[in-house]
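The values are calculated or read from the model by the stated rules, or taken from the named source; none is laboratory data. Being a predicted model, the structure only gives us computed values, none of them experimental. All Cβ positions, even for glycine, are placed from backbone atoms using ideal geometry, and neighbour counts span all protein chains on display.
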Amino acid sequence: MSSPSPVAEVLNVRLDDLSGQPTRDLVALHLAGMSANSPPGHCFALDDSGLASPDVTVWSAWRGEAIAAIGALRALGDGTGEVKSMRTHPDHLRQGAGAAILERIIAEARARGYRRLSLETGSGPSFEPALALYRRRGFVSGDAFGGYAPSAFNQFMHLDL
């Protein structure tokens, strides 16, 4: 009898304290990818210390012992939250890991009584899969928020809760 494929394994989404090497490695991959695909001065991804801030909650999704995705929710202090550091591990792309993390972030924002979730992201081919995920979940393009300055590169999306 063969073992189940990685896609068939159940995703386990859990709070993450950033202490595990797989999580730190995926954060590093995220930072490298954002820097490589963003013009200078337009990369706002959080590093480990930024993700460890008290106003940020991080989750990771796992298939067995393999990390599949990460994502975070930043409290903006005005009844809204910001989606941060969404990244799916390359071995788990288009298998539902990113969507599972996003659903967990949305659920937590609702549980906290937030009225809106927002995010800042970039433009170009490397951002299209994430943008498609956000649009499928109901995020719409909108104005800058939380101190971000609009540019020709970045874009802002919002989900009313």
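Overview of values
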{"quantity": "Strands (runs of 3 or more DSSP E) completely within region 66-161 that count 3 or more residues being at pLDDT below 95 and not acidic (Asp, Glu)", "calculated": "80-88"}
{"quantity": "Looking only at region 28-56, and only at residues there that are farther than 22 Å from ALA149 by Cβ and assigned to a loop (DSSP other than H, G, I, E, B), the one that is modelled with the highest pLDDT", "calculated": "PRO54"}
{"quantity": "Residues of region 122-154 classified as in contact with a strand residue (DSSP E or B) (Cβ under 6 Å, 6 or more places away or on another chain), buried (at least 18 other Cβ atoms within 10 Å of the Cβ) and not hydrophobic (A, V, I, L, M, F, W, C), total", "calculated": "2"}
{"quantity": "Candidates ARG104, ARG74, ARG87, ARG63 - the one that is over 16 Å from the mean Cα position of the chain (by Cα), closer than 26 Å to ASP25 by Cβ, surrounded by 14 or more Cβ atoms within 10 Å (Cβ to Cβ) and not small (Gly, Ala, Ser)", "calculated": "ARG63"}
{"quantity": "Criterion: in contact with a Ser or Thr (Cβ under 8 Å, 6 or more places away or on another chain), of a type in the set (A, V, I, L, M) and without any contact (Cβ under 8 Å) to a residue 40 or more places away in the chain - qualifying residue of LEU119, LEU131", "calculated": "LEU131"}
{"quantity": "Near pairs, Cβ below 8 angstrom, 6+ apart or cross-chain, from region 68-79 (more than 16 Å from VAL58 (Cβ to Cβ)) to any residue that is among the basic types (Lys, Arg) and surrounded by fewer than 24 Cβ atoms within 10 Å (Cβ to Cβ)", "calculated": "GLY79/ARG115; GLY79/ARG116"}
{"quantity": "Hey, LEU46 free of Cβ contacts under 8 Å to residues at least 60 places away in the same chain, within 11 Å of the chain's Cα centre (by Cα) and under 14 Å from LEU161 (Cβ atoms) or not", "calculated": "no"}
